[in-house]
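The values are calculated or read from the model by the stated rules, or taken from the named source; none is laboratory data. Worth saying up front: this structure is predicted, and the values here are computed from it rather than measured. Every residue, glycine as well, gets a Cβ built from its backbone with ideal geometry; the counts of neighbours run over all protein chains shown. We work out accessible area using only protein heavy atoms, side chains counted, and drop any ligands, DNA or RNA first. Shrake-Rupley method; radii C 1.70, N 1.55, O 1.52, S 1.80 Å.
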Amino acid sequence: MIWNEKMECMDLEDLKNIQSERLKDIAEYVYQNNPVYKKKFDAAGIKPWEIKSIDDIKKLPFTVKEDLRDNYPFGLFSVQPKNLAEIHVSSGTTGNPTVVGYTKEDLKLWGEVMARAFCCAGAVPHDLIQIAYGYGLFTGGLGAHYGAMEMGLVIIPASSGQTKRQLKIMNDFKPRILACTPSYAMYMAEEAKELGLKPRDSSWKIGVFGAEPWSEAMRKEIENTWNMLATDIYGLSEIIGPGVAQECTHKTGLHLFSDVFYPEIIDPKTGHQVKEGNKGELVITTLTKRGIPLIRYRTRDIVSIKYEKCKCGRTSPRISKISGRTDDMIIVRGINVFPSQIEHVLLGIEGTLPHYQLIVDRRANELDELEVWVEVDQKIFSDEIKQLRAFEDKIKKEIDSVLGVYVKVKLVEPKTIARSEGKAKRVVDKRVL
Ligand code: DLL
């Protein structure tokens, strides 16, 4: 089922016309209503009325996360706080958190795009959905909630955590859809097995997983373990939360709802758009949001995009699975490494478990070192030291042959690495930079 056939299957020329109209409108709107944007536009020497079509977007200045932080809490908003309906906060590791706000209209938009997303994943009205993203200031829980409400799903607002209770709910109420982070889906499988449940017999048949990078190998692992279709959902608080893009059941890229979120893929160094199909940083302009519309927001997420029509009938462009973030990239002896690439290699090796962590360190005046901690089967642990070393070597060689980088490997026993009910912490950075 396609939630909004008119918008999701629109002829690309018509879509471009809508995008152009909306860009003109939003550029004018932020210029009139937000002093920070007015200053930015003036500094770039562009007036909103000079924007004639979506192709002129290149003339507009970028927005970066620091703009939000520097203007904490409400400086980038285009409405007075009293005219908002809801506020969310995404916690950063340093400095001020990022604050975003929604007007009533924005909340409707959020419900709309999330309803599109659930339909993409294969949900139909009256399906039961267990929402195990955190509710609260994080956008995952409530965003999913509004979409589920909009499309008429039966909502179980479980929020994240209390894993035994999650499993009891699944077992007793038999929801067909599970929405949570992929790492939490794996954690729940582990707990289920310990409780004597058989994950493959579970009622969950569709997973709507996102909020963190996860590899194709992890998808396979989840699909095999739970006997379900695992789909990828992407989004970020600054743009709306979850609901920016979502895979359909063909799993050939995530449909990005470009009538409302206009995507560009740029070379992060030059800021120029890259050719269709090439990887680069995703930049998004919110075309209709009112509370905190963002112009050319640099997500730091790395994707490629394609514009061909999908087998499902949707014409909305598709982005590739997010391969990493520009700021998540670890440079080991000059080679760029993303955690998801390591994940892919690890999960392809028989005997490893889907729980790992990357430790980055740098001794004084030396190069960065990467140590990969990975849990392995108890069976491997009962092997002799010699066999353990051989297994470590096998992992090192495999990583070297795929990524061309030499790493250290440390095998650890099951349950050594902290489990996550939300976003998993894959990288521990010990460098003092
Ligand atoms: O994570 C919103 C969300 C909630 C998306 C639930 C999907 C599901 P933030 O906390 O602001 O918002 O984090 C946004 O998370 O820029 C990406 O780096 C990463 N991210 C989100 N979805 C994916 C995904 C929510 N499917 C940041 N694959 C983004 C990889 C993802 N990374």
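Structure data summary
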{"read-out": "Centroid-to-centroid separation of segment 373-433 and segment 257-285 [C-alpha atoms, Å]", "value": "34 Å"}
{"read-out": "With Cα atoms, 0 to 90° folded angle of helix 12-33 axis to the chain main axis", "value": "70 degrees"}
{"read-out": "Segment 1-126, Rg to Rh (Cα coordinates; Rh as Kirkwood inverse mean 1/r)", "value": "1.02"}
{"read-out": "Candidates 279, 396, 311, ranked by Gaussian network fluctuation over the chain, Cα under 10 Å, top entry", "value": "311"}
{"read-out": "Residue 44-residue 6 FRET efficiency (beta carbon distance; Förster radius 45 Å; 0.05 resolution)", "value": "0.85"}
{"read-out": "20 Å reach of a label modelled at residue 172, 7 Å along Cα-to-Cβ, counting backbone N of segment 131-153", "value": "131-133"}
{"read-out": "Carbon/sulfur fraction of accessible area - segment 134-275, other protein chains in place, 1.4 Å, %", "value": "53 percent"}
{"read-out": "Dimensionless Rg over Rh [segment 1-327; C-alpha; Kirkwood]", "value": "0.97"}
{"read-out": "Net length gained if the chain between residue 227 and residue 96 were fully extended (0.36 nm per residue, minus Cα distance)", "value": "43.0 nm"}
{"read-out": "Fully extended contour minus Cα-Cα distance, from residue 361 to residue 87, at 0.36 nm per residue", "value": "94.9 nm"}
{"read-out": "Net length gained if the chain between residue 382 and residue 80 were fully extended (0.36 nm per residue, minus Cα distance)", "value": "102.4 nm"}
{"read-out": "Segment 3-55 versus segment 189-224: alpha-carbon centroid distance in Å", "value": "40 Å"}
{"read-out": "Anisotropy class of segment 54-150 from Cα gyration tensor, a/c 1.5 cut", "value": "prolate"}
{"read-out": "Nitroxide proxy distance, nm - points 7 Å out along Cα→Cβ at residue 308 and residue 165", "value": "4.8 nm"}
{"read-out": "Per residue, in Å², the accessible surface of segment 330-429 once ligands and nucleic acids are set aside, probe 1.4 Å", "value": "54 Å²"}
{"read-out": "For the chain, share of DSSP beta bridges that run antiparallel, in % to the nearest 5", "value": "60 percent"}
{"read-out": "Degrees between helix 182-194 axis and first principal axis of the chain (Cα, 0 to 90, nearest 10)", "value": "40 degrees"}
{"read-out": "Antiparallel bridges, percent of DSSP beta bridges restricted to segment 330-429 (to nearest 5)", "value": "60 percent"}
